[in-house]
1. Which of Asn305, Asn44, Asn373 ends up with the largest GNM mean-square fluctuation for the chain, with Cα atoms connected below 10 Å?
2. For Leu127, what is the net charge nearby, where nearby means another residue's Cβ is under 14 Å from its Cβ and Lys, Arg count +1, Asp, Glu -1?
3. 7 Å from Cα along Cα→Cβ at both Arg306 and Arg47: what's the point-to-point distance in nm?
4. Among bridges DSSP assigns within the chain, what percent are antiparallel (round to 5)?
5. Just check the chain against the gyration tensor rule for me: Cα atoms, a ≥ b ≥ c as the square roots of the eigenvalues, rounded for a/c under 1.5, and otherwise prolate or oblate depending on whether a/b exceeds b/c.
6. If you project the alpha carbons of the stretch 2-111 onto the principal axes, what extent comes out on each, in Å, largest first?
7. Determine the relative contact order of the chain: mean sequence separation of Cα pairs under 8 Å and six or more apart, normalised by residue count, in whole percent.
8. From Cα pairs below 8 angstrom and at least 6 apart in sequence, can you work out the relative contact order of the stretch 85-167, rounded to a whole percent?
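Every number here is computed from the coordinates shown, using simple stated rules; none is lab data. No experiment lies behind these values; they were computed from the predicted model shown. Cβ: placed from backbone, ideal geometry, glycine included. Neighbour counts: every protein chain shown.
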Amino acid sequence: MRDRAFANPQSPVQTVDELSNAIKAVVTGSSLLRNVAVRGEIQNFKRHGSGHVYFTVAGNESKIASVLFRSYASVVTAWPQDGDEALVTGSVDVYPKGGTYQLYATYIMPIGLGAQQRAKEALRTALDREGLFDIRHKRPLPKYPSKVAVITSPTGAALRDILEVSSNRAPFIDIVLIPAAVQGFEAPAQVTRALSMAGTLKGVNCVVLARGGGAKDDLSPFDDERIVRAVRSCPIPVVTGVGHQIDSSLADLAADIALPTPSAAAETVFPDIRETLGILSSSQDIIRSASLRRLEMSAASAEKNREKLLRNMNLILSERENYLRIGSSEIKRRFVNSIERRESFLSQAASTLDALSPLAVLARGFSICRDVNGRAVKNSSSVKTGDRVSIRFHTGSAEADIASVTAGGA
């Protein structure tokens, strides 16, 4: 029977290597094993000199060997200790040489209260040293946002609270929901992607990151370094409403404004339209009163300026009239003096002309003799016997014929 079984095997014979490789192919080909999150107790935790970390994740009845390679180890800010509960993400693969399977981890997140607190404090110290929580980096929120991005679970109470508050206070403001898990091991990656997306949406000028109520352990994703850095690197202001009155996450420290609940965050982001209308009404009354006072002051000032202008104009006109009066007197004086000078000059000229006038000579008994051509006869050689001449006296004239001519002097 045994010989017959080996002679007629139900499946082809494989080598150990072939079977190990087949098992490896099945494991690595399973989508369920490519991206896993395992919760358990950390045991045999060792950090190798090469930078790799080796440990075991133990459950109640089973264990799985795990390794965190150096390339992933750098993102773990606080290492768990043996006995700590942790959430380990990664993928399962087969190690053929040892004939075993193991968990190839990409991230370790302590979830026990003590481990979480150590991890949170270590990360807070490191990020604070970088300046991520510096108050000088905080940005003011827009007083009247036009569009708000809300990052939360689409089925959670946080979204309902935000929508209710916004509809009561500012229904005119657009809201863009960016869905993301806000608890569980998938939350850090999804919230990080959502924050990155919010920074690229056109018209969005504020982001609300919110989660509803829940156990304190559910707040641990918001202490994840990826979310903290994404909050700080978001190009628009971020308001968080993820905790409770007594809880505060590292994401809250990085946010521009942190509120304890989604409703409180919404009340801060969305302005109350009734309060705004009241402010506008009061402002309108203040502006109207100020305008009336300004008009009254302007009217009074204009009246004062008008009176001052009239006084100045009267003063100027008086000065001009006095100037014209003085100028008129001066012109008249100068005109009279000029006339008198002209009259004196004419009188002197007349006396001179009178003295030089031939009539004056005639008046002294002299006469003027002219030939027939009207030329003055100045000496006896100019005429001869028989010439006709005319003689002009002081009064009257006479015609005469030359009877004789005597040459020489008198």
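1. In this elastic network of the chain, the residue with the biggest mean-square fluctuation among Asn305, Asn44, Asn373 is Asn373.
2. Numbers: positive: Lys120, Arg124, Arg129, Arg226, Arg229, Arg232; negative: Glu121, Asp128, Glu130, Asp134, Asp223, Asp224, Glu225, Asp252.
That sum, taken over residues with Cβ under 14 Å, equals -2.
3. Modelled inter-label distance: 8.9 nm.
4. On the way: 36 of 55 bridges.
Restricted to the chain, the bridges split so that about 65 percent are antiparallel.
5. Numbers: a/c = 6.85, a/b = 3.84, b/c = 1.79.
Since a/c reaches 1.5 and a/b is larger than b/c, the shape of the chain is classed as prolate.
6. 60, 29, 27
7. Working: 597 pairs, mean separation 36.3, N = 410.
Contact order relative to length: 9 percent.
8. Numbers: 52 pairs, mean separation 14.9, N = 83.
Relative contact order for the stretch 85-167 comes out at 18 percent.
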